[in-house]
1. Can you tell me the relative contact order of the stretch 149-317? Whole percent, Cα pairs under 8 Å, sequence separation 6 or more.
2. Run the helix sum for the chain: -39,500 (n - 2.57) per DSSP H stretch of 4+ residues, divided by residue count, reported at 222 nm to the nearest 500 deg cm²/dmol.
3. By how many nm would the segment from residue 338 to residue 280 lengthen if fully extended, with 0.36 nm per residue of separation less the alpha-carbon distance?
4. Working from Cα positions, state the angle (0 to 90°, nearest 10) between the long axis of helix 418-440 and the longest principal axis of the chain.
5. May I ask you to list the residues of the stretch 54-84 whose amide nitrogen lies under 17 Å from a point 7 Å from Cα along the Cα→beta-carbon direction of residue 132?
6. By the gyration tensor of its Cα atoms, with a ≥ b ≥ c the square roots of the eigenvalues, what is the shape of the stretch 8-139: rounded for a/c under 1.5, prolate for a/b over b/c, or oblate?
7. Angle between the Cα long axis of helix 256-268 and the longest principal axis of the chain, 0 to 90 degrees, nearest 10?
8. Using a cut-off of under 14 Å, list every residue of the stretch 236-250 whose amide N is near the label point 7 Å from the Cα of residue 206 along the Cα-to-beta-carbon line.
């Protein structure tokens, strides 16, 4: 009796009816939990494998319609992890050895030794079980990684995660809606990473970032000579995303002229590059996101109603940070770990009182705003515990008794008009903040922009002001020589 547990499926392929029946009867008796299907012809066997999954295939190497090596090749093309055992007569052992080089698991010779046959089948089933368990483990690890950045245990977050799991298994177009900073791109990436298309990269386009006159070419591509400057053929993003997913971020900003062409892609599943003679098919799953009121844009004819309904097959709404306020401590600790890893410093954590301060803030910028606050708190906190004052440092216009800036001498050096005092204090804070930020990042402006939430342009301007201040200080104290 086999010790193999669980319902497995075996396909036996042989053109000799008596042998086929004998094998089926013997293996059914020895392996009680094994479902056995038989096929007497190669095309029938291929059809069975295409239609349903099998764990092990036991096939004759000499079949009328297809050569054994070709049959093996087609089996493994359908499922590369199939465990295939070749049956052969003594005279064709060389072919069986060649089959093993091409991916067969083992071979047995006719006439069969019953014990050898049973042992070979048992080992094949055990091998397949290990492969499937490994795949299952890889899948669970992949799912965990795909959702690693979607942190939270609140009811809205649990519902969001359930929706992501459900929609990832489909090929439906998804419209992700939510305020700015609520993680719409993270949701799109999670859906793609959990889908059957995950082995190909997600292609992302930020629609407002591409000028209208270039957007059509970027999306659909163009042929050489299609317009002035088109010196070579250009593959569009739809072609780049063929057999994968295309994420259209801020789709509400796409011009109406492009909306018409996008509608055709969703309807016909084909694109026509600029200058091309005819369209061609693409297999692309569309994931779109917006923070705008598309219904209002439809009313004002800035967004096509037919495109809206094509996109709105399944809608996912990302919750605001105000709706998942109970998740703020989890998110804060998550962003703290990420920032410490990015900076290569020891792990820091929030004090309970500092977390209370975070819980009490309104968060109009949602999770992105929280992440930026945490980054700045980690950068400027001198200790391993982030305290209340390190968080309150981030609150512009804090109330009486709140600490706005650390290590500044005095907020007001004597009586002066409010606006003038405020401007001077904020300027000193900004210069000190950016000076320490650039020191932490080794002068890397791109890194500093990511950590602070400021743009590169703003940081460059402040940096020039810092350099001007340093030059002025040098002028005040010239060399004695």
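1. Working: 280 pairs, mean separation 51.8, N = 169.
Rounded, it is 31 percent for the stretch 149-317.
2. The per-residue figure over the chain is -15500 deg cm²/dmol.
3. Working: separation 58, 0.36 × 58 = 20.88 nm, distance 4.34 nm.
Length gained between residue 338 and residue 280: 16.5 nm.
4. Its long axis makes an angle of about 40 degrees.
5. The answer is 54-58, 79-84.
6. Details: a/c = 1.37, a/b = 1.18, b/c = 1.16.
In terms of gyration-tensor shape, rounded.
7. Computed tilt is about 20 degrees.
8. Inside the label zone: 248-250.
Bear in mind these aren't lab numbers, they're just calculated from the coordinates by the rules spelled out. Fair warning: this is a prediction, and the values are worked out from it, not measured in the lab. Note: ideal-geometry Cβ built from the backbone for every residue, glycine included; neighbour counts use all protein chains shown.
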